[in-house]
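So the structure is just underneath, and the comments pick up after that.
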Amino acid sequence: MMARDLAYALGPVTWARECLDFDPDPWQQQVLGSSNKRQLLNCSRQSGKSTTAAILGLHRAIFYPSSLVLLVSPSLRQSGELFRKVSDLIHTLEIRSDLTEDNRTSCTLHNSSRIVSLPGTEGTVRGYSGASLIIEDEASRCDDGLYFSIRPMLAVSGGRLLLMSTPFGKRGHFHKEWTEGGPGWERVEIPASLCPRISPAFLLEERRALGDWWFKQEYECAFVETVDQVFSYDQVMNAISSDVKPLWAGGML
C-alpha cells in the first residue's frame, strides 16, 4: 500500500489514469507531471484546462498533508465552478467520508489539507498565507491587484503558482507574464486545433459566428488588440524609452 501511494504521489499522471479513470492528453501529462513552480496555461476554451487544474489541486491536497490549495478567479461563481470539478473528483474517489469539512466553497481532508475557492478580489485573499498551490483561473480577466496580492503567499511555502486562461487583449498580468515574464515560467499553449475533442466543423462554425477578433482569443490563443484601441500595444511600448530625460528635475515647480 505504501509503495503504491508513493508511486501515486510522485506520478500524478499515473494516479489520474488508475484512480480517476482519466486519460490525459499529452499537454495535460506535461502539466500534471511538471516540477516547475511557475506555469502559464494559454489554452483554448473547452481544451480541458479546468479539469487539469482540478486534478492537480486534489492531488496536492491528498498526497501532501496540511497543504493549502487556493482556487481564485474573477468571481466566486467561477471559482465555485472549478471547485465543483474538484468535488466531482472527490466523489469519483469515494473519499467524501474522509472530509472533515465539506461545503460549496471549501473542503478539508483528514490529513489537514484544505482546498478553498475564492472570488477574485484583492481584499478577500489577503487573509491567507503559506499556500502550497495557487490556481488563478481566467487569469486574463483577473485584476492585477489580485495577482500582486497572491504572489507573497508563496514566499515562505515555496509553493506552486498556476495561471490559466484564454487571452483577453494585450493587457494585464497574464499577457505580461506570457510575453515578458522571463525563463522562470513554463508556458503551455494549446489552441483548439490541437484538442481532439473539438471538431474542425465546429471551429469553422464558431469563426463565422464570432468573427476573427473573438475567435482568435477564444480558440487560437492569440493576444489581439482591443477593438477600440487607437494605438497598438507594440506602438505604445516602442514609444517608451529610458533614454529620454525628464522635462523637470527635482519634482514639481
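The values are calculated or read from the model by the stated rules, or taken from the named source; none is laboratory data. For clarity, every value in this text was computed on a predicted model and none was experimentally measured. Glycine also receives a Cβ, built like all others from the backbone with ideal geometry; neighbour counts cover every protein chain displayed.
For a quick check of your reading: which helices (runs of 4 or more DSSP H) sit entirely within segment 197-253 and have at least 3 residues that are charged (D, E, K, R), out of contact with any Gly (no Cβ under 8 Å at 6 or more places or on another chain) and at pLDDT 60 or above? Helices (runs of 4 or more DSSP H) meeting the threshold: 200-210, 212-220.
So, of the residues in segment 55-104 that are farther than 17 Å from S157 by Cα and of a type in the set (G, A, S), which turns out to be surrounded by the most Cβ atoms within 10 Å (Cβ to Cβ)? Residue satisfying both the conditions and the ranking: S73.
Residues L76, L68, L58: which one is of a type in the set (A, V, I, L, M, F, W, C) and touching a helix residue (DSSP H, G or I) at 6+ places or on another chain (Cβ under 6 Å)? On inspection, the qualifying residue turns out to be L58. Put simply, of L162, L109, L146, L133 the only residue that is touching an Asp or Glu at 6+ places or on another chain (Cβ under 8 Å), surrounded by 14 or more Cβ atoms within 10 Å (Cβ to Cβ), closer than 17 Å to Y64 by Cα and not charged (D, E, K, R) is L109. For segment 181-196, the candidate set comprises residues that are in a loop (DSSP other than H, G, I, E, B) and touching a residue at least 60 places away in the same chain (Cβ under 8 Å); within that set, the residue that is farthest from the chain's Cα centre (by Cα) is P196. Please determine whether any residue of segment 170-177 is at pLDDT 95 or above and over 19 Å from the mean Cα position of the chain (by Cα). Among the residues of segment 170-177, not one is at pLDDT 95 or above and over 19 Å from the mean Cα position of the chain (by Cα), which makes the answer no.
State yes or no: is S34 in contact (Cβ under 8 Å) with a residue 24 or more places away in the chain, touching a Ser or Thr at 6+ places or on another chain (Cβ under 6 Å) and small (G, A, S)? Judged against the criteria, S34 is not a match. One residue stands out in segment 92-141 among those that are in contact with a strand residue (DSSP E or B) (Cβ under 8 Å, 6 or more places away or on another chain) and among the basic types (K, R): the one that is modelled with the lowest pLDDT, namely R96.
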